[in-house]
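Read through the structure below, which is laid out as C-alpha cells, and then see the notes.
The values are calculated or read from the model by the stated rules, or taken from the named source; none is laboratory data. Since this is a predicted model, take the numbers as computed values, not measurements. Every residue, glycine as well, gets a Cβ built from its backbone with ideal geometry; the counts of neighbours run over all protein chains shown.
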Amino acid sequence: MVFKKISLFIFALLWLMWAVYYTSASFEAKAQPQFHIQLSNSIFLWIDGLNSNIVWYKSGIDISEYLPRSSCNMYSKFVWKSDDIYFYYLKYQEACANNMIVLQKNGVNIFSSMHSLKFFTTFEIYNKFTDYSTSALEEVLVDLSKKQRTLQAYKNINSENAASFLAIRKKRKYDEVSYVHGIIQNILESREYPYLIPIQGYELPTQKSHMPNFSRGYRKEYTDGIHHGWDIYAPNKTPVQAIDAGLIVRIVEGFEFSDLQNIKRGPQLTEEEKLINLDIHRGNQVWLKTMKGEVVFYSHLDEIGSDIEVWDLVSKGATLGTTWISWVPVRAYTDYHLHFAIQKNPYNVYKAWKYSYLDYMWWDWLLKWLSMDEVKKQQYDIFVK
C-alpha cells in the first residue's frame with residue numbers, strides 16, 4: 001500500500017515537472033521572433049520606392065531595438081509596432097544572392113530567417129522586352145493593363161497610415177505593374193519612329209560598295225566576304241550618334257593595328273571563326289540595342305564616349321564616339337568613315353535577354369541579300385529622311 005502511494009506521488013511529481021517544462025518551453029517559443037511576411041519579393045534597384053521592402057516579425061519580446069542584417073548591401077530601420085507585430089524597412093543598393101536575414105543588436109544575433117528576392121534593373125527589363133515582337137509586347141501590355149485595373153483601388157494608399165498590411169502589399173503590386181507597363185509602353189511608342197542617320201548632317205550612302213550586301217572579296221578567305229552594313233565617310237573624329245534610344249550592350253576599345261594578327265586564316269575555318277575575324281576587323285566598337293530590339297554595330301571608332309558604359313540606357317541622338325579608319329587593307333589607310341550594321345532581332349521570347357555577344361553576331365543583318373536597288377529603296381523607310 002505504501003509502495004503504491006509512493007509510486008503515485010512520483011508519477012504526479014514527474015507529470016508536474018513535465019507540465020512546467022512544456023508550459024515554459026511553449027511560452028519561450030511563442031516569445032521568440034517569428035518571420036511572417038515581406039512586402040514584395042521583387043526589388044527594382046535604383047527606383048525610389050521599388051528598391052525597398054518591408055518585413056514583419058511576430059514576437060512576444062520587445063525587438064524594436066534590433067535590426068535586420070544580411071550580407072547584402074542594404075539599409076534597414078525599425079518603422080512601427082502593432083500589438084506584437086514589428087515592422088522593418090529595408091532598402092537595397094545592389095543585387096544580392098544571399099537570402100538570409102538576421103535580427104541583430106550590438107552584434108548579437110537573436111533570430112535568423114530565409115526570404116526569397118528577385119532583383120531587377122531598368123536595363124534588364126528593357127533588355128528583356130526589346131526582344132519581344134511588337135505583337136507580343138501588345139499582348140503583355142493588355143495583361144498588365146488588366147492587373148492595373150484590378151489594383152486601381154490601392155493606387156493612392158499611403159503606407160504610413162494604411163488600414164492593413166495587405167493594403168500596403170496591394171499598393172506595392174500596383175506600383176510594380178505600373179512601372180513595367182510604362183517601360184513596355186515606351187518601347188512600343190518608340191517603335192513608331194524611324195532611326196536617325198548615325199552622323200548628323202550626313203546622308204546615307206548610295207555608292208554600292210558602301211552599302212549592305214556588296215562583295216568584300218579581298219577578305220573572303222577569313223570572313224564571309226560580304227559587307228553587312230553602311231559606310232558613311234566623314235572627317236576624322238566626327239561625332240557619331242545613337243540612331244535610337246537604347247541600351248549599350250557592348251563596348252570594344254583600345255584597338256591596335258597589331259590586333260589584326262589575331263585573325264585566323266585557312267580553308268577549314270568555321271562560320272563562328274569567320275564571325276570572330278569580322279569582329280576583329282571592326283576595331284573599336286559600340287553596340288547599341290535599339291527600342292526595336294535590333295542591335296547596331298558602330299565600328300572603326302576613334303574615341304568611345306567617356307560617359308557611356310555597358311548597361312547604360314542612352315537617349316536618341318546621344319554621342320557614342322567619333323569616326324576613325326578601318327586599317328584595311330594597309331596600315332596607312334586613311335579613308336575616315338563610320339561603318340555600321342544593324343542586326344535583326346529574331347524576337348524569340350524564350351531567348352529574351354539571354355543572348356551572348358556571339359549570338360548577336362549570328363543574327364541576320366538588316367536588308368540581307370536584297371538587291372542594291374531594293375536596299376536603296378528600303379533604307380529610306382528605315383531612317384529619317
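Tabulated data
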{"quantity": "Qualifying position, being farther than 30 Å from Asp312 by Cα, at pLDDT 90 or above and of a type in the set (D, E, K, R), among Lys30, Lys77", "calculated": "Lys77"}
{"quantity": "Residue within the range 339-349 that is farther than 26 Å from Lys274 by Cβ and without any contact (Cβ under 8 Å) to a residue 40 or more places away in the chain present", "calculated": "no"}
{"quantity": "Residue tally, condition assigned to a helix (DSSP H, G or I), in contact with a Ser or Thr (Cβ under 7 Å, 6 or more places away or on another chain) and of a type in the set (Phe, Trp, Tyr), over the range 334-385", "calculated": "0"}
{"quantity": "Filter pass, Asp279 being more than 24 Å from Asn345 (Cα to Cα), charged (D, E, K, R) and part of a helix (DSSP H, G or I)", "calculated": "no"}
{"quantity": "Test for Gln38: is it under 27 Å from Tyr126 (Cβ atoms) and at pLDDT 90 or above", "calculated": "no"}
{"quantity": "Elements of type strands (runs of 3 or more DSSP E) in the range 29-104, at least 3 residues being hydrophobic (A, V, I, L, M, F, W, C)", "calculated": "52-58, 74-82, 85-92"}
{"quantity": "Number of the condition not met by Glu309 [criteria: (1) over 16 Å from the mean Cα position of the chain (by Cα); (2) in contact (Cβ under 8 Å) with a residue 12 or more places away in the chain]", "calculated": "(1)"}
{"quantity": "Residue match in the range 42-53 (condition: crowded, with 16+ Cβ neighbours inside 10 Å and over 30 Å from Lys289 (Cα atoms))", "calculated": "yes"}
{"quantity": "Matching entry among Ser116, Ser112 (being part of a strand (DSSP E or B), among the polar types (S, T, N, Q) and surrounded by fewer than 17 Cβ atoms within 10 Å (Cβ to Cβ))", "calculated": "Ser112"}
{"quantity": "Matching residues in the range 65-100 - criterion: being surrounded by 14 or more Cβ atoms within 10 Å (Cβ to Cβ), more than 16 Å from Met114 (Cβ to Cβ) and not hydrophobic (A, V, I, L, M, F, W, C)", "calculated": "Tyr66, Ser76, Lys81, Asp84, Tyr86, Tyr89, Lys91, Tyr92"}
{"quantity": "Qualifying residue in the range 136-144 (condition: within 18 Å of Arg172 (Cβ to Cβ), in contact (Cβ under 8 Å) with a residue 24 or more places away in the chain, assigned by TED's automatic domain parsing to the domain that holds Ile183 and part of a helix (DSSP H, G or I))", "calculated": "yes"}
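Quick grid of which residues meet (1) at pLDDT 95 or above; (2) of a type in the set (Val, Ile, Thr); (3) under 28 Å from the mean Cα position of the chain (by Cα); (4) closer than 30 Å to Ile263 by Cα:
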{"residue": "Gln148", "(1), (2), (3), (4)": "yes, no, yes, no"}
{"residue": "Ser164", "(1), (2), (3), (4)": "no, no, no, no"}
{"residue": "Lys173", "(1), (2), (3), (4)": "yes, no, yes, no"}
{"residue": "Gly182", "(1), (2), (3), (4)": "yes, no, yes, no"}
{"residue": "Arg216", "(1), (2), (3), (4)": "no, no, no, yes"}
{"residue": "Ile226", "(1), (2), (3), (4)": "yes, yes, no, yes"}
{"residue": "Gly229", "(1), (2), (3), (4)": "yes, no, yes, yes"}
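One line per residue, one yes/no per condition, for (1) among the aromatic types (Phe, Trp, Tyr); (2) touching a strand residue (DSSP E or B) at 6+ places or on another chain (Cβ under 6 Å); (3) modelled with pLDDT under 95:
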{"residue": "Asp312", "(1), (2), (3)": "no, yes, no"}
{"residue": "Ile325", "(1), (2), (3)": "no, no, yes"}
{"residue": "Asp335", "(1), (2), (3)": "no, no, yes"}
{"residue": "Ser356", "(1), (2), (3)": "no, no, no"}
{"residue": "Met361", "(1), (2), (3)": "no, no, no"}
{"residue": "Asp364", "(1), (2), (3)": "no, no, no"}
{"residue": "Leu370", "(1), (2), (3)": "no, no, no"}
{"residue": "Tyr380", "(1), (2), (3)": "yes, no, yes"}
